[in-house]
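Before any comments, here is the structure.
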Amino acid sequence: MQDQEAILKIENMNKRFGKGCSHCQDSQDQLVNNFCPHCGTVYACRNINLELYPGEILGIVGESGSGKSTLMQSLYFDQDVTSGTYLLKAYKEGQANLYEANIYEQKKIRNNLLGMVYQNPILGLRMDYSSIANIAEKMIAAGNRNVESMKARGKELLEKVDISPLRAKEAPKNFSGGMQQRVQIAKALSNKPPILLLDEVTTGLDLSVQADVLDLIKTIQRDLKISMIIVSHDLAVIRMLADRTIVMHKGVIIEEGLTDQILEDPQDAYTQQLVYSLI
């Protein structure tokens, strides 16, 4: 895929929680894990570089606290970053740093070019709204004012994620966890974004429900040729879905490559530990 032009690039992205001090700003060698013992600053992401290619599923794996969810949130502008460059091919031909865009431009990008599926559906859905209204909400945010087209799109997407049309006007609070994730996926796809972001979408679901959600994701990627970034602590999920994989540990990318290579011949000691724990 690297002979194609990347549709998303992150260059030298850093995110810290805290102001930092002379000890950790001048040299991060003094950090304990990704924490400065002198001032209490946490370096959640450090010098992150990644690329996403057309039609690709990129997996990001790591344990809790590795920085993977912070990275995902920064891609959807849920988190500000300390520094870095964020480029999307579909926005100003990939020449403008989205982290420097104003809040209105960032909202426009969120609503038109990105879809997000959160681990906790409460973050992605209005639980008291109907399922079809949740889908319409994102379409309205993108500028759609045609009620009939929104209804048609909502029904189309709910059918695609195997939610019965009879339940289109039912609120997600009445649904199971797996069904809530399906509504989230439908909402994320409402404006036909080129990129879908999925953050721990199967965590907390029963195994059979996990399998159904993963099958749905594979079907969507195959049918729509959409590019995806999937964050998970579960290597079995990454093995099933991802073409390439990035391994994060203590806020740093420690290994990356084709998923088969990462899982069959891990080079870093931490990645080896992850892989062997799966076996």
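The values are calculated or read from the model by the stated rules, or taken from the named source; none is laboratory data. Nothing here was measured: the structure is a model prediction, and the numbers come from that model. Methodologically, a virtual Cβ is constructed for each residue, glycine included, from the backbone with ideal geometry; neighbour enumeration extends over all protein chains shown. In case anyone asks, the SASA skips ligands and DNA or RNA and just uses the protein heavy atoms, side chains included. Shrake-Rupley method; radii C 1.70, N 1.55, O 1.52, S 1.80 Å.
Structure summary
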{"read-out": "Anisotropy class of the range 58-177 from Cα gyration tensor, a/c 1.5 cut", "value": "oblate"}
{"read-out": "Accessible surface, 1.4 Å probe, highest first, among residues LEU31, LEU196, LEU258", "value": "LEU258, LEU31, LEU196"}
{"read-out": "Accessible surface, 1.4 Å probe, highest first, among residues ASP234, ASP260", "value": "ASP260, ASP234"}
{"read-out": "The range 141-184: projected area of the alpha-carbon convex hull, averaged over directions, in nm²", "value": "3.4 nm²"}
{"read-out": "Solvent-accessible area, 1.4 Å probe, carbon plus sulfur percent, for the chain", "value": "47 percent"}
{"read-out": "Kyte-Doolittle at least 0.0, axis length at least 18 Å by Cα - qualifying DSSP helices, the chain", "value": "207-224"}
{"read-out": "Average accessible area per residue (Å²) across the range 178-279 - probe 1.4 Å, nucleic acids and ligands excluded", "value": "42 Å²"}
{"read-out": "Candidate lysines for bridging to LYS15, where Cα separation is under 18 Å - those fewer than 8 sequence places away on the same chain excluded", "value": "LYS68, LYS250"}
{"read-out": "Largest-first principal axis extents, alpha carbons of the range 164-279, Å", "value": "51, 29, 24"}
{"read-out": "Average projection area in nm² (convex hull over Cα atoms of the chain, one quarter of hull surface)", "value": "15.6 nm²"}
{"read-out": "Cα centroid separation, the range 121-143 to the range 185-253 (Å)", "value": "20 Å"}
{"read-out": "Efficiency of FRET between GLU5 and ALA269 - r from beta-carbon atoms, R0 30 angstrom, step 0.05", "value": "0.30"}
{"read-out": "Point-to-point label distance, ASN144-ASP234, nm (Cα→Cβ direction, 7 Å offset)", "value": "3.0 nm"}
{"read-out": "Cysteines, the chain, no other Cys beta-carbon under 4.7 Å", "value": "CYS45"}
{"read-out": "The range 13-139 - accessible surface per residue (Å², probe 1.4 Å)", "value": "46 Å²"}
{"read-out": "Probe 1.4 Å, all protein chains present, accessible-area order of ILE140, ILE238, largest first", "value": "ILE140, ILE238"}
{"read-out": "Label point distance in nm, ASP223-ASN97, each placed 7 Å from Cα along Cα→Cβ", "value": "4.0 nm"}
{"read-out": "Average Cα contact separation per residue, the range 118-254, under 8 Å, 6 or more apart, as relative contact order %", "value": "25 percent"}
{"read-out": "Under 20 Å, Cα to Cα: Lys pairs in the range 107-176, sequence gap 8 or more or different chains", "value": "12"}
{"read-out": "Simple label model, 7 Å out from Cα along Cβ direction - TYR129 to LYS169, nm", "value": "1.8 nm"}
{"read-out": "Dimensionless Rg/Rh of the range 179-235 - Kirkwood Rh, Rg from C-alpha atoms", "value": "0.94"}
